[in-house]
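Colleague: Supplied in structure tokens, the structure appears directly below.
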Ligand code: ADP
Ligand code: MG
């Protein structure tokens, strides 16, 4: 890791031995913990395992003492509280942290939001299917979950199911292997509301498309609500059968655009409020001005700043924000976008568009994907979670692993290093 990262994040940590022999790292608050968890915990854990010869004996815990000053008005988190826990899901697979109340409405998403609320109020009756489309990190998954949550809130008996396209595919593959396709389809068809997230990932999966087509028709014919999200407009999803794409457009298609400056500030305010952190207005405005690409990165920047301030016990000032947001490695994400990197890497490896994000795992695709992740991390300064999300909704730990693999190969194999450097230069990041 860079000296700078080390000084910013690792040095201020307070490790201590726990009574059960584990190593505990104390951090000031939850936000800080989640930042470290997403960005550094795997590295720390590997280092600790290597150094100590013990496995699974590392814990990240929140400090009982609130950080200095009034920065954290938060109720202190109990030291025993484990940080690593999966996000809470409600029955049906909906993430309960995503609801209408914490979705900030602005001109960029007003239409999609209003339509989503209408769908939640009268599932199956108004817009079927309801198709939300928009770029990465703009709130599609959030809105789709909010619909499901609102429906269950008003009718606890409603049968609702949230599936990512990948889990739909995986469950189908599983069912095929166990000769239980019909059972799987029946289960999905019994739903009152089916949400399928990131439907663009159906591309190239013919069997899944076939089965989804039947599920879609069954639900549609019996007036059950279908909600789909995608980063492409129905007719522009390549590699998906026309009869499916057509159906996607039968109901209402609502798009979400990038938020304008006021909405970005409002989103930051809401986030700060939810996390119980106080952030000066000028810092919010600065962050909102710097990060105009998507909401996930916007939130990520705020998390990073406040995690830094709390860990280093300093005030979150405009100067600090300037320093931290401009040193996130090389070019800023806006200069060379993740899309450009994906395109450049695909071209170099001779892949078709979309292959990088798809599930397929030939050796070539896997290598290209790792290289793309590495360049996105090191030359576009993108966060691990946002890279994972961008490349097909992969887990951040996959990205962490990929970057480590590429880093190591670059050291071991000069030809590999030349290749990566050439691709990087070609994309314009080098
Ligand atoms: P997508 O599915 O379009 O890639 P997500 O729904 O996962 O994006 O949103 C990324 C992050 O941004 C989530 O944490 C989500 O809560 C947040 N977010 C997006 N739009 C809004 C909004 N309008 N108000 C509040 N949070 C938002
Ligand atoms: Mg999403």
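Where a number appears in this text, it was derived from the coordinates with a stated rule and is not lab data. Quantities reported herein were computed from a predicted structural model and do not represent experimental measurements. Every residue, glycine as well, gets a Cβ built from its backbone with ideal geometry; the counts of neighbours run over all protein chains shown.
Colleague: If I model the chain as equal point scatterers sitting on the Cα atoms and use the Debye formula, what is log10 I(q)/I(0) at q = 0.09 Å⁻¹?
Modeller: Here log10 of I(q) over I(0) equals -0.63.
Colleague: Could you state the angle between the C-alpha long axis of helix 41-52 and the longest principal axis of the C-alpha atoms of the chain, as a value from 0 to 90 degrees rounded to the nearest 10?
Modeller: So the helix axis and the longest Cα principal axis differ by about 50 degrees.
Colleague: Continuing with this model, one more query. Volume per residue, Å³, of the convex hull around the alpha-carbon atoms of region 200-243?
Modeller: Values: hull volume 3.1 nm³, N = 44.
Enclosed volume per residue, from the Cα hull, is 71 Å³.
Colleague: Just order 116-129, 194-207 by mean Cβ neighbour count inside 10 Å, highest at the front, would you? Kindly include the intermediate steps, with their values, before the conclusion.
Modeller: On the way: 116-129: 19.0, 194-207: 21.8.
Top to bottom by mean Cβ count within 10 Å: 194-207, 116-129.
Colleague: With each run of n ≥ 4 DSSP H residues scored as -39500 (n - 2.57), what mean residue ellipticity at 222 nm is computed for the chain after dividing by its residue count and rounding to the nearest 500 deg cm²/dmol? Walk me through the numbers on the way to the answer.
Modeller: Working: 17 runs with 211 residues, N = 430.
Taking each H run of at least 4 residues, the total per residue is -15500 deg cm²/dmol.
Colleague: Who wins for biggest fluctuation among 133, 162, 184 in a Gaussian network model of the chain, springs between alpha carbons below 10 Å?
Modeller: In the Gaussian network model the winner is 184.
Colleague: How would you rank 287, 105, going from fewest to most other Cβ atoms within 10 Å of each one's own Cβ?
Modeller: With the sparsest Cβ surroundings first, the list reads 105, 287.
Colleague: If r is the Cβ-Cβ distance from residue 405 to residue 347 and R0 is 25 Å, what FRET efficiency results, to the nearest 0.05?
Modeller: Numbers: r = 22 Å, r/R0 = 0.87.
It comes to 0.70.
Colleague: Which residue fluctuates most in the GNM of the chain (Cα springs below 10 Å): 212, 349, 233?
Modeller: Looking only at 212, 349, 233, the biggest GNM fluctuation is shown by 349.
Colleague: Follow-up. Send over the Kirkwood Rh of region 110-256, from the inverse of the averaged 1/r over different Cα pairs, rounded to one decimal Å.
Modeller: On the way: mean 1/r = 0.0662 Å⁻¹.
Computed over region 110-256, the radius equals 15.1 Å.
Colleague: Another question, then. Which angle between 0 and 90 degrees, to the nearest 10, do you get for helix 396-412 versus the longest principal axis of the chain when only C-alpha atoms count?
Modeller: The angle comes out near 60 degrees.
Colleague: Just order 369-378, 92-101, 45-54 by mean Cβ neighbour count inside 10 Å, highest at the front, would you? Provide the component values of the computation, followed by the final result.
Modeller: On the way: 369-378: 25.3, 92-101: 17.1, 45-54: 12.6.
The peptides rank, most packed first, as 369-378, 92-101, 45-54.
Colleague: Roughly how far apart, in whole Å, are the Cα centres of region 118-140 and region 163-219?
Modeller: Rounded to whole Å, the Cα centres lie 19 Å apart.
Colleague: Considering only 255, 20, 155, give the residue with the highest GNM mean-square fluctuation for the chain, with springs between Cα atoms whenever their separation is below 10 Å.
Modeller: Comparing 255, 20, 155 in a Gaussian network model of the chain, the most mobile one is 20.
Colleague: Give me the log10 of I(q) over I(0) for region 146-189 at q = 0.24 Å⁻¹, as the Debye formula computes it from C-alpha points; what are the numbers?
Modeller: Results for region 146-189 at q = 0.24 Å⁻¹ read -0.82.
Colleague: Turning to a different aspect of this structure: Take the Cα coordinates of region 308-430, assign each an equal point scatterer, and use the Debye formula without solvent to give log10 I(q)/I(0) at q = 0.10, 0.19, 0.22 Å⁻¹.
Modeller: -0.33, -1.00, -1.27
Colleague: In nm, what is the difference between 0.36 nm times the number of residues separating residue 102 and residue 250 and their Cα-Cα distance?
Modeller: Working: separation 148, 0.36 × 148 = 53.28 nm, distance 2.91 nm.
Taking residue 102 through residue 250 to full extension adds about 50.4 nm, to one decimal.
Colleague: Length gain on complete extension for the stretch residue 426 to residue 118, per 0.36 nm per residue less the alpha carbon to alpha carbon distance?
Modeller: Contour length minus Cα-Cα distance gives 106.2 nm.
Colleague: By counting other Cβ atoms within 10 Å of each Cβ, how are 367, 299 ranked from fewest to most?
Modeller: On the way: 367 18, 299 21.
Least to most surrounded, the residues fall as 367, 299.
Colleague: Using the count of nearby Cβ atoms within 10 Å as a rough guide to exposure, how do 426, 284 rank from fewest to most?
Modeller: 426, 284
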